[in-house]
Structure formats: C-alpha cells, structure tokens
1. Quick test for you: out of Ile180, Ile201, Ile175, Ile135, pick the one residue that is under 15 Å from Val80 (Cα atoms), modelled with pLDDT of 95 or more and either surrounded by 14 or more Cβ atoms within 10 Å (Cβ to Cβ) or of a type in the set (Gly, Ala, Ser) (or both).
2. Given the criterion in contact with a Phe, Trp or Tyr (Cβ under 9 Å, 6 or more places away or on another chain), of a type in the set (D, E, K, R) and away from the ligand (no atom under 12 Å from the Cβ), identify the matching residue among Asp60, Asp45, Asp64.
3. Say we look at the stretch 1-20 and pick out the residues that are assigned to a loop (DSSP other than H, G, I, E, B), near the ligand (Cβ under 6 Å from one of its atoms) and among the small types (Gly, Ala, Ser); which of these is surrounded by the fewest Cβ atoms within 10 Å (Cβ to Cβ)?
4. Out of (1) of a type outside the set (S, T, N, Q); (2) within 12 Å of the ligand (Cβ to nearest atom); (3) assigned to a helix (DSSP H, G or I); (4) under 28 Å from Tyr52 (Cβ atoms), the odd one out for Trp99 is which?
5. Residues in the stretch 21-39 that are more than 19 Å from Ala61 (Cα to Cα) and within 8 Å of the ligand (Cβ to nearest atom): how many?
6. Between a residue in the stretch 13-38 that is on the phi > 0 side of the Ramachandran plot and any residue that is crowded, with 18+ Cβ neighbours inside 10 Å and among the hydroxyl-bearing types (Ser, Thr, Tyr), which pairs come within a Cβ distance under 8 Å, given they are 6 or more apart or on different chains?
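The values are calculated or read from the model by the stated rules, or taken from the named source; none is laboratory data. From a predicted model like this one, the values you see are computed outputs, not experimental measurements. Virtual Cβ from ideal backbone geometry, glycine too; neighbours counted across all protein chains shown.
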Amino acid sequence: MSRVALVTGGSRGIGAAISTALKKAGYSVAATYAGNDDKARAFTDETGIKTYKWNVADYDACVDGIHQVEGDLGPVEVLVNNAGITRDAPFHKMTPEQWKEVMDTNLSGVFNMTHPVWPGMRERKFGRIITISSINGQKGQFAQTNYAAAKAGDIGFTKALAQEGARAGITVNAICPGYINTEMMSTIPEKVMNEVILPQIPVGRLGEADEIARAVVFLASDDAGFITGSTLTANGGQYMA
Ligand SMILES: NC(=O)c1ccc[n+]([C@@H]2O[C@H](COP(=O)([O-])OP(=O)(O)OC[C@H]3O[C@@H](n4cnc5c(N)ncnc54)[C@H](OP(=O)(O)O)[C@@H]3O)[C@@H](O)[C@H]2O)c1
C-alpha cells in the first residue's frame with residue numbers, strides 16, 4: 001500500500017509542486033488550503049489530489065482535519081508543513097496583528113499540524129516531518145521581523161523534534177528555499193527583479209517550485225533515513241548557511 005502524505009498549503013505555489021511530485025512518486029496525497037476554493041478545485045480537477053480546507057493556525061481544526069484525511073486515506077506517514085504567509089512591514093510600522101498572524105500560521109501552524117500526527121508516527125515507528133522554512137529565517141530580511149522570526153523558529157523546532165523522533169524512526173527536517181518562481185514573485189516589478197534580486201543570486205535565476213518538490217521527495221524517502229535535524233538550503237547560492 002502506498003504511504004500517505006499530507007501537504008499543508010498544497011493546492012498552489014510550492015505546495016502544489018510538492019503534492020504533485022509526491023503523487024508521482026507513489027504516495028497517496030492530501031493537500032490542504034486556507035480559503036482559495038477556486039484554486040483548490042482547479043488543482044483537484046487537474047491532478048486528482050483531494051484538497052481539504054482548514055486553518056493551520058487553529059489547533060482544533062488541525063485535529064479534526066487530520067482525522068478526516070486519515071479516515072479517507074489512512075494514517076499520515078509524511079507531513080509537509082508548507083503553508084505560510086507574509087505580512088511585511090518595517091518594524092516601526094508593524095502591527096501586533098501582522099506579527100501574530102505570521103507567528104500563528106508559520107510557526108504555531110507547524111506545531112498544530114505536527115502534534116496530532118506525532119503519536120501515530122511513534123507507534124508505527126516511521127514518520128517524516130518536512131517543514132518549508134525560508135532563506136529569510138536564516139539571514140533575516142528587511143521588513144520581515146515577523147516572518148524571519150517564525151521561519152527561524154521552524155528551524156529550532158526541527159532540530160529539537162529530530163532528537164525526540166530519532167529512536168522512533170521519525171526524521172524531522174527543514175528546507176530553506178531562496179527566491180522561488182511562484183505567483184508571489186510575478187508581482188515584483190521587472191526592474192527590481194533584474195537590478196536588485198537576480199544579482200544577489202549566484203546561479204543567476206530564480207528557483208523553480210519543482211526544485212523544492214524534488215528535495216521533499218528525497219527527504220520523504222527511505223533513502224533519507226539517516227538525515228534528520230538538517231536544514232537544507234535551496235537558494236542558488238544566495239546565502240550559504
Ligand atoms: N515563494 C518563495 O519564494 C518562498 C521562498 C522561501 C520560502 N517560502 C515558503 O514556502 C511556502 C510556500 O510558499 P508559496 O510561495 O508557494 O505560497 P503561496 O503560493 O502563497 O501558497 C500558500 C499556500 O498556503 C496556504 N495557506 C496560507 N495560510 C494558510 C493557513 N493559515 N492555513 C492553511 N493553509 C494556508 C494557501 O491556501 P489558499 O490557497 O487557500 O490561500 C496556499 O495553499 C511558505 O511557507 C513560504 O513561506 C516561499
């Protein structure tokens with residue numbers, strides 16, 4: 001029987017590439033999303049991957065949602081914590097709401113999703129937790145104290161939990177993408193892209209979502225059983241942590 005993989009924010013952007021790559025690699029995949037029903041429906045129509053709507057910032061909603069996914073597909077063996085948001089502002093203009101929203105989704109969301117699947121993984125002596133952090137959690141970024149703090153928190157979470165999962169056959173890893181060619185990037189003016197962003201990336205281009213997805217498929221595989229607590233940078237050489 002194929003393993004079950006659950007990808008948060010798996011209906012578009014990097015998450016959609018991850019969901020699709022895991023399906024292609026033979027997993028039974030469930031993808032979650034927050035509210036964009038049209039995108040989720042189009043994604044399911046296109047890929048056959050079932051989508052589920054709940055807010056990862058809400059613990060009880062995560063428990064209920066995971067229960068539903070497990071009823072449909074079976075126990076979650078691979079969890080990809082990919083859902084994330086930005087609410088950028090320079091610190092002196094950042095509101096408590098902007099801080100809280102990003103922490104609740106990007107950091108507490110990782111706890112809220114991982115905590116309910118952890119006991120089952122421990123019992124079955126197998127699990128993969130893969131969290132999509134960010135280059136900006138490693139190096140910081142202007143106007144992103146909230147995002148950088150949350151994403152750095154994801155790395156600390158990964159390193160601590162990896163120690164707890166190791167003897168139970170559960171690996172816990174983080175991936176830190178650099179600039180990836182998603183919808184978010186298409187809003188950046190061409191001049192800024194060519195004169196500011198691309199010159200910072202030694203390979204001279206943005207990353208592709210598929211390049212992150214392939215790293216996830218590797219970390220989920222049996223071949224990656226000795227890799228845990230690691231932070232994989234995938235940023236075209238922009239920051240070498
Ligand atoms: N794009 C980049 O260059 C880049 C670089 C480094 C790291 N990252 C990280 O990679 C991950 C994916 O980024 P992306 O650019 O692919 O994002 P995206 O295109 O904006 O997609 C985000 C996905 O997360 C879902 N989501 C957002 N908030 C949620 C919530 N509270 N509960 C449940 N689902 C939620 C969205 O659902 P809806 O469709 O319903 O809104 C969507 O499916 C994020 O963690 C991001 O921080 C991205």
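1. Working: Ile180 fails: under 15 Å from Val80 (Cα atoms); Ile201 fails: under 15 Å from Val80 (Cα atoms); Ile135 fails: under 15 Å from Val80 (Cα atoms).
Of Ile180, Ile201, Ile175, Ile135, the one residue that is under 15 Å from Val80 (Cα atoms), modelled with pLDDT of 95 or more and either surrounded by 14 or more Cβ atoms within 10 Å (Cβ to Cβ) or of a type in the set (Gly, Ala, Ser) (or both) is Ile175.
2. On the way: Asp60 fails: in contact with a Phe, Trp or Tyr (Cβ under 9 Å, 6 or more places away or on another chain); Asp45 fails: in contact with a Phe, Trp or Tyr (Cβ under 9 Å, 6 or more places away or on another chain).
Just a single option satisfies the conditions, and that option is Asp64.
3. If we filter the stretch 1-20 for residues that are assigned to a loop (DSSP other than H, G, I, E, B), which is where we start, we get 1-3, 8-12.
Still in the list and also near the ligand (Cβ under 6 Å from one of its atoms): 8-9, 11-12.
Applying the additional criterion that residues be among the small types (Gly, Ala, Ser) yields 9, 11.
Values: Gly9: 25, Ser11: 27.
Residue satisfying both the conditions and the ranking: Gly9.
4. Failing condition for Trp99: (2).
5. Matching residues across the stretch 21-39 total 1.
6. Within 8 Å, the pairs are Gly13/Thr182.
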